[in-house]
Every structure is written in structure tokens, then in C-alpha cells.
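One structure is given below, encoded as C-alpha cells.
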Amino acid sequence: MVFAATGLLSWTAVHAAPVDGLIVKLKDAPAHERAAQLGASASAMHTERLQGLLQTERMTEARTRPAGRDAQHLDFGRRLSQDEARAMAERLRARPEVDWVEPNSRERLLQAAPTPNDVYFPYVSPTDLGQWWLRPEGETTGNQLPSFGAPGVQNAWALQTGQPTAVVAVLDTGITSHVDLAGRVLPGRDFVSDVEYANDGNGRDADASDPGDWVSQADINGNPALFGDCPEQPSSWHGTIISGIVAAATNNTIGVAGISWNGRVLPVRVAGKCGATVLDITDGMRWAAGLPVPGAPANPNPARIVNVSFGGSAACGNLYQSTVDELASLGVVVVAAAGNEMGAVTRPASCNGVVGVAALARDGLKASYSNFGPQVTIATVGGDADADDGLLTLINTGTQAPGADGYGNVFGTSFATPVVAGVVSLMLSTNPQLSVAQVITGLRTTARPHVQSSSGVPACSASARDVCVCTTSTCGAGVLDADAAVRYAASPSSPSAPRDDGGGALGLAWLLGLALAVAALARAGREPLPVRAGRRR
């Protein structure tokens, strides 16, 4: 019966709007076609039964017409409120001659891609593109270069907006408070062991907040043994940026959108001034996954995804590889940046079983700075100042100590990496039972083909390291497709076939128009929070 307990729950949860009448089936009702074959007498008999029912229940105003195989639609000449429809249905189903009753509700378009109401999400003008990197692929709004490199996250939201259980650990500089991260940050931990670089006055502890990682000329001059090899720089607030890309509060009418609407990030501070040590990174990876680490309590919120946007030029090494293998045995996916030196893939992205990420420009060509090579698993947007305005997300405005909340544009494989981590979070929200191997297979098999160029842009190689055309041997299986990856997650035993649409092609007209597009990239100030210009990391 439709209005058993489960039916009542379904009615309340799904059919919240007024309904266009009721659909009723009488017991032993003949199929409409069969009634017509039996002649007028059989049809009249059924009509008489139905009219008798309506008269008994004082519903004689209802007009009837066939519905489905053997049911009838009761049209009352107006839309029924929920309470009225429910009461009518209960009266009808109580009659012994009634088989079942359902509301004639209006179904929503399941494939409609949700548009969040975050104020900086939409396109505004040629100088303010908003979060183009989250919107559907191929967009040319405002006469911009086609966004062939975009993963189409907005389309994936029609299927999955994310669950809090698919936690992403952000192994980085820590985190600062931000209004657009409220309620999204789990209790983390600080694994920076060297007090001289920690910049917080102590070593490892339970405080994952980011005190800043600036290196001043005074630091370099005052202690060249410690800081002589470090570049002078303001604080990067790198961990906050990464966290915003993954899980900035979405559809909350302010700021920007994150990939996972309901996501949670676990900040694991592994880097202070001058970067992070391998030991601190690997201990942070293990703790994030719920493995024991000497001197640290057990992590009560183990992550399913570990995002690492730090790396080195050496080979993977035993410590990294054994840590990655340990995490894989627990079903924890490690996503790591390929690096920004236009050269070989850095570690741990080069380790076996890691999702190594190369960065693309908006147009789908390799971002000028991105490393590349056979260890790359997948490529996605990291932005390129020569082709787009980067990825708009959260920043902090302080130059040394934490300052005010802000929003800004960033560039780098560091920021392409959490795009992939966020999509993996959507995949694991859809199917928590996916193994690491299945996640990687899903990313690869659903990737869109790399873009091609008809204008002489060379293929990426040892002699073409700047802007170049990616191939499967240099930038992974293809361009990340968020929608297809989430569909794969829902049914990994029957993955979608890779798309064969050529991945987009850039003609001479678009490349000649590049200079005009670049000229329009200066971003106006955003209110109410200040914005700092983007920078590569």
C-alpha cells in the first residue's frame, strides 16, 4: 500500500509542494485497453464502481481520466494542499475496493545542475569572471577562452554535493579562521617538529592554526645558516587556500563556493618557514589516516583523502612509498601536486599509488609552470596568468601574522591538487566503499581527452616545457571530468566509457584573441572583504 509508514515518509519528504490531484487504482480494475476491447458494458461497469466510490467519499467534483495501465487520475479542478491531499488519500485507501493511491506530484529535473548563491560564484564581467573553474566545461561567457580545462564540478553537483564523512586532510601550513570555513574544519594537529622553523614558539602540538610562514630579509641576514637557502616571501596562508577550494561553505549567500557543499577538512600542519620535512609530512599523513604516530594521540576523525601540495625533486623514496602503501591499505587516497618548475614530477606525486596532479590553464593546455611526466595521473585547472585569472577562492590578507579574511585568485599545481581531492571527496560521498585502486581507475577512465591545438602549439616534451599540448604520457589520462567521475563512483563495476569528443580544440582565432583576454584580467576590488592579487605557488 502506498501509505504504509515508508509511503508516508516519502510523501512528507518528497511531495512538499501542492499536488495536481490523485491517482487511484481499484482492485481488479481491467487494463484500459482490455476494457475497450470488452465493450461499453465493461467500461461502464468500471466507471460505475469509480463513481460510486467518489460519491461515497463526497468527491463528486473530481473529473476522471485514465492513468497508466489501469489507474485513474482524479482531477479536482485545482491543486490540492499537502494536508488536503493526504486526508483524501487516506479516506480512499481505507475503502476495500481501492488497491492504491498516489499524489500526482510534479517531479524535479534530476539533471539540473544546482547554482549556488555564493556572491562570487557567477560571471560578472570581463574583469570579474567569478568561479569559472567550478562552472560547466567549455564556457565562453564574456568572450573568454573556452574553459576546456575546467572539470565541470557544477554538473557533478546534480548528482552529489558532498557528505561530511568524506574528510579531506590538508597537509600544509595549517589554517586560519575564515567566515567561509565556519563549521567546516575538524580539530587538527601541528606536526612541525623544528622550533626554529615552526614560527609558533614550540614544536609539535594540538594547534593546527597557521601563524604565518613568511621569510624576511632580516631572517636571512640574521641567521643565514637557517634561512640562507629560503626565498624572501610574505606568508602564503597556503593551507587556508587549499581548504577553501575543497570545502568553502557553499550556497550560504556569501563569498565563494567550495567543491564539497557539506565537506570537512582536517588541517594537519606540516610546514612552517622554508617548507616541510619528509618526516613531518609522512607522520602527518599517517596521523591523518588514523594510524598511530609516537607522541600524538589517535586522530578521532580519520580522513579518506590526503591532500599534499608540498614536494621535492628526489625520487619517491622508501618512507614516502611505505606511507602511501599503508594509507592505501586503509582506503585512504593520497592526492599530490606535480610541482611548478616546468620539469619532472616531484615527490610524493611521483610515488606509486598517488594521484599526481598536473595543472592546466583555462583553455586546457598545460599551464606554463606545471611539471609533467609519466607519473601524472590526471590534469585539471590550476590557472595560468597568460590565459585566465586563476582560481578564485579564500585567502588571508596578512603579510606576516594572520590578517583579515579575503578572497583572491591563485595559480599553481598546489591549487589544481585540491580540485582533484574535492572531486574524490564527491566520489567517496557517493560510494564510501570505493578502494584507492577504484578511485584512481575512475579518475583515469572517465577523464576527457586532452585538448588539441590547430595553431602550432607543440606537444609537451623535454624541449617544450612552457605552454604545450598535453598527452597521456605527459599529463596523465586526460582532463578531470567531475560529473563522469561521480557517475563512475555510483557504479564502479560498469564505468562510463571515456568521452571521445576531442577534449576541445584551440584554433588560431582563440589564440590570437589571447592578448585581449589577458588585458581584461585585472580584478576590481571585492567588498566587503579585501582581496589580494593571485600568485603562483
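Read the figures in this text as sums done on the coordinates, not as results from a lab. Just so you know, these numbers come straight off a predicted model, no measurement behind them. Positions of Cβ are backbone-derived with ideal geometry, glycine not excepted, and every protein chain shown enters the neighbour counts.
For residue 118, the residues whose modelled amide H falls within less than 5 Å of its own, excluding neighbours fewer than 5 places apart on the same chain, are 251, 252, 253. Comparing 319, 453, 169 along the charge dipole axis of the chain, the residue lying farthest to the positive side is 453, per the Cβ-charge model. Spin-label model, residue 143/residue 233: points 7 Å from Cα along the beta carbon direction are separated by 3.7 nm.
Computed on the Cα atoms alone, the convex hull of the stretch 296-407 gives a volume of 157 cubic angstrom per residue.
Sorting the segments 293-301, 480-488 by their mean number of nearby beta carbons within 10 angstrom, highest to lowest, gives 480-488, 293-301. Our Cα-only numbers for the stretch 219-342 put the radius of gyration and Dmax at 16.5, 49 Å.
Ranking request for peptides 141-148, 235-242, 123-130, 253-260: highest mean number of other beta-carbon atoms within 10 Å first, then the rest in descending order.
Numbers: 141-148: 19.2, 235-242: 26.9, 123-130: 16.8, 253-260: 24.6.
Order by mean packing, descending: 235-242, 253-260, 141-148, 123-130.
Note on residue 279 and residue 329: the extension gain reaches 16.0 nm, defined as 0.36 nm multiplied by sequence separation minus the Cα-Cα distance. Distance between the 7 Å Cα→Cβ label points at residue 218 and residue 314: 3.4 nm.
Our estimate of slack between residue 177 and residue 225, defined as 0.36 nm per intervening residue step minus the Cα-Cα distance, is 14.0 nm.
Rounded to the nearest 0.05, what FRET efficiency do residue 455 and residue 124 give with R0 = 41 Å and r taken as the Cβ-Cβ distance? Could you check?
Values: r = 29 Å, r/R0 = 0.72.
With R0 = 41 Å, the Cβ-Cβ based efficiency is 0.90.
Provide the FRET efficiency to the nearest 0.05 for the residue 81-residue 491 pair, computing r from the beta carbons and using R0 = 41 Å. That gives a FRET efficiency of 0.60. Each DSSP beta bridge with both residues in the stretch 333-439 is either parallel or antiparallel, and the antiparallel ones are about 50%.
The phi torsions of the stretch 144-149, fed into the Karplus equation with coefficients 6.51, -1.76 and 1.60 and a -60° offset, translate into couplings of 7, 4, x, 7, 5, x Hz, rounded to whole numbers, with Gly and Pro shown as x.
So if we plug the beta-carbon distance of residue 209 and residue 58 into 1/(1 + (r/R0)^6) with R0 = 60 Å, what FRET efficiency do we get, rounded to 0.05? After rounding, the FRET efficiency stands at 0.35. For the stretch 107-208, applying the loop criterion from DSSP together with a ceiling of 10 other beta carbons within 10 Å to the trypsin sites (Lys or Arg not before Pro) yields 108. Bridging of residue 27 to aspartates and glutamates at a Cα separation below 13 Å is possible for 70, 97, 99, once same-chain residues fewer than 8 apart are set aside.
In order along the stretch 79-92, the Karplus-derived 3J(HN,Hα) couplings, from 6.51 cos²θ - 1.76 cosθ + 1.60 at θ = phi - 60°, round to 7, 9, 5, 4, 5, 5, 5, 5, 5, 4, 5, 5, 5, 5 Hz, and Gly and Pro are given as x.
Using the Kirkwood radius over Cα pairs, work out the Stokes-Einstein diffusion coefficient for the stretch 141-519 at 20 °C and 1.002 mPa s, in µm²/s as a whole number.
Details: Rh = 20.5 Å.
The diffusion coefficient I find is 104 µm²/s.
3J(HN,Hα) along the stretch 239-251, derived from phi through the Karplus expression 6.51 cos²θ - 1.76 cosθ + 1.60 where θ = phi - 60°, amounts to x, 5, 4, 4, 4, x, 4, 6, 9, 3, 4, 10, 6 Hz, with x in place of Gly and Pro.
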